[in-house]
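J.: My questions all concern the structure below.
The values are calculated or read from the model by the stated rules, or taken from the named source; none is laboratory data. In this text the structure is predicted, and so the values were computed from the model without any measurement. Here the Cβ positions follow ideal geometry from the backbone for every residue, glycine too, while neighbour counts run over all protein chains shown. Just the protein is used for accessible areas: all its heavy atoms, side chains included, with ligands, DNA and RNA removed. Shrake-Rupley method; radii C 1.70, N 1.55, O 1.52, S 1.80 Å.
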Amino acid sequence: MKVIFLDFDGVLNNEPYLQKVGNYRTLDPESIDQLNRVLEATEAKSVVSSTWRYMYPSVRDLNELLESHGLPKGCVTGLTPRVLDYNVHYTRGAEIALWLERHGSIKNWVAVDDESAMEPLPSERVVKTEWVVGLQKEHADKMIEVLNG
């Protein structure tokens, strides 16, 4: 199985789009189109690493949200764990690493995020977007390359 660790803010939505529509809980259709292109080219499934997993705490809820924005039915297969250890600072990268450790057979994966703190993930598996533009063609191309390479 191929897995995309998926952030929302700065990936599926972005500052200019949110200013245009004035609704925080909406997703940019252009970014959705790019993710659709990746899903089609790789047959990957998504594991949500975004903090939106706190607002939509089940795979079913997230699938319904993403399907309503034009993504394929059942594209989300899981969520990264929420680490609640206040003595240790866990980055999104550490949560993804924990998910990968618990699902040891995953070899083809990519994380797409605008977050900088993605340690301990290998940099060649992280596609960094920006809050000011979201998921663009060049990001999607890199995701396809990593997942199919």
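J.: So for the range 57-76 (the condition being closer than 16 Å to Glu115 by Cα and among the β-branched types (Val, Ile, Thr)), does at least one residue qualify?
T.: Narrowing the range 57-76 to residues closer than 16 Å to Glu115 by Cα: none.
So far as the range 57-76 goes, no, none of its residues is closer than 16 Å to Glu115 by Cα and among the β-branched types (Val, Ile, Thr).
J.: How many of the residues in the range 117-146 are open to solvent by less than 90 Å² (accessible area, probe 1.4 Å), farther than 16 Å from Leu12 by Cβ and not basic (Lys, Arg)?
T.: Of the residues in that region, 8 qualify.
J.: Among the residues of the range 63-84, write down those that are touching a Phe, Trp or Tyr at 6+ places or on another chain (Cβ under 6 Å) and among the hydrophobic types (A, V, I, L, M, F, W, C).
T.: Scanning the range 63-84 gives Leu65, Val83.
J.: Does Glu101 satisfy the condition of being free of Cβ contacts under 8 Å to residues at least 12 places away in the same chain, loosely packed, with under 15 Cβ neighbours inside 10 Å and within 22 Å of His139 (Cα to Cα)? So that I can check it myself, show each step before the final result.
T.: On the way: free of Cβ contacts under 8 Å to residues at least 12 places away in the same chain: yes; loosely packed, with under 15 Cβ neighbours inside 10 Å: yes; within 22 Å of His139 (Cα to Cα): no.
Against the criterion (free of Cβ contacts under 8 Å to residues at least 12 places away in the same chain, loosely packed, with under 15 Cβ neighbours inside 10 Å and within 22 Å of His139 (Cα to Cα)), Glu101 does not qualify.
J.: Could you grab the pairs with beta carbons closer than 6 Å, sequence gap of 6+ or different chains, first residue in the range 106-126 and of a type in the set (Gly, Ala, Ser) and outside any strand (DSSP E or B), second one modelled with pLDDT under 95 and open to solvent by 20 Å² or more (accessible area, probe 1.4 Å)?
T.: Ala117/Thr91
J.: If you don't mind, there's one more thing I want to ask. Collect the residues in the range 44-54 that are touching a Leu at 6+ places or on another chain (Cβ under 9 Å) and over 18 Å from Leu18 (Cα atoms), keeping them in residue-number order.
T.: Ala44, Lys45, Ser46, Val47, Val48, Ser49, Arg53
J.: Answer yes if at least one residue in the range 11-32 is within 15 Å of Asp113 (Cα to Cα) and in contact with a Lys or Arg (Cβ under 8 Å, 6 or more places away or on another chain), and no otherwise.
T.: Within the range 11-32, none of the residues are within 15 Å of Asp113 (Cα to Cα) and in contact with a Lys or Arg (Cβ under 8 Å, 6 or more places away or on another chain).
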